[in-house]
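What follows draws every value from the coordinates through simple rules; no lab data is involved. A quick note: this is a predicted structure, and the numbers were derived from the prediction, not measured. Cβ sites come from the backbone with ideal geometry, for glycine too, and all protein chains shown count toward neighbours.
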Ligand SMILES: *Cc1c(COP(=O)(O)O)cnc(C)c1O
């Protein structure tokens, strides 16, 4: 969203506010779907569970990746049916499995034997995807640090699941969030080919390949267009997986670009020769993504005068609440507006009401 548009909106709605561009969200969905034509998209609700985002994506025809009872409640409230959902949390309590089954979800994920055993009582109702770990230390968030079975051990786990009488239907993986190397998907798919071949020899038919999320968006450094980024993945899928059902779990690439934050300077002070600016949003709010997601958002301001190395602090009384310790800023005045783009993913999702500050409100812009 451009600065002058946000300026007008902020004058009406106040700050801190996250403006959700409905057009941008729809555009991201359509762009990804056309970049991955044969792939069913399950939006990763974790990245932003806002009801407005969920219902816009629902109207685009999206399916949904849910991980918890709370996320099931969110999609159910939006009128989304269980056949449009998969449950992808690799570690669940028995009650979580039952909650999802009662809702009607039948596709689950496991990455170890203990988890597979939890499905024995439900083996006629549940299908299981095995989560394989794909290490990617170069991306923003390595989602295979905590979950996933090593590729070399994946077939063995599939076999164990089948021996338990479970319906092992597929393999899933996550190449890491904001992954800028599409060859990571190919690396994972290479493993999948080998595993599927071994499984077929044992009479186990793998039908689903779930390529996860991780698709990158523009933050401070631009990334290639989605069509270009996905082209090698598509080509590989067409060549080797045309007989499989291919699904993906995009989060950031859909929610990320859709939101723009408007925040205002509420105080300023010169400390040890450095300008400190205090704004009305911080790391306990939408800038929580600076801490948990390690993201850096593109900023725009109205002033174009000389910039000085400054500090941009959040509104709470905690000293960790400093979104930017070293940021080049012109001399700002109290009341100045700061606009941050690409703030839809892992921002409001991890925001809190710490210190009595309300979360930034969300306003949908058509
Ligand atoms: C977080 C997560 C996603 C979404 O990842 P993005 O990088 O935001 O696309 C998808 N699948 C699983 C299992 C996740 O944990």
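Here are the numbers:
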{"read-out": "The chain: angle of helix 94-103 to the longest principal axis, Cα-based, in degrees nearest 10", "value": "90"}
{"read-out": "Gyration tensor verdict on the chain (Cα atoms; rounded if a/c is under 1.5, prolate if a/b is larger than b/c, oblate otherwise)", "value": "prolate"}
{"read-out": "Net lengthening on full extension, residue 150/residue 83 (0.36 nm per residue, minus Cα-Cα)", "value": "21.2 nm"}
{"read-out": "Added length on full extension, which subtracts the Cα-Cα distance from 0.36 nm per residue, residue 304 to residue 163", "value": "44.1 nm"}
{"read-out": "Crossing angle, helix 183-201 versus the chain [Cα axis fit, 0-90 degrees, rounded to tens]", "value": "20"}
{"read-out": "Inter-label distance for residue 326 and residue 120, nm, one decimal - labels placed 7 Å from Cα along Cα-to-Cβ", "value": "5.6"}
{"read-out": "The chain, helix-only ellipticity at 222 nm - DSSP H runs n ≥ 4, -39,500 (n - 2.57), divided by all residues, nearest 500", "value": "-9500 deg cm²/dmol"}
{"read-out": "Centroid-to-centroid separation of the range 320-351 and the range 202-264 [C-alpha atoms, Å]", "value": "28"}
{"read-out": "Calculated FRET value between residue 319 and residue 221, using beta carbons and R₀ = 22 Å, to 0.05", "value": "0.15"}
{"read-out": "The chain: angle of helix 3-13 to the longest principal axis, Cα-based, in degrees nearest 10", "value": "80"}
{"read-out": "Considering only the range 115-204, percent of DSSP beta bridges that pair antiparallel, nearest 5", "value": "10"}
{"read-out": "Chain lengthening between residue 333 and residue 187 when straightened (0.36 nm per residue, less Cα-Cα)", "value": "47.5 nm"}
{"read-out": "Nitroxide proxy distance, nm - points 7 Å out along Cα→Cβ at residue 8 and residue 361", "value": "1.9"}
{"read-out": "Prolate/oblate/rounded call for the range 36-158, Cα gyration tensor, a/c under 1.5 rounded", "value": "oblate"}
{"read-out": "Residue of 39, 105, 320 that the Gaussian network model of the chain assigns the largest fluctuation, springs spanning Cα pairs under 10 Å", "value": "320"}
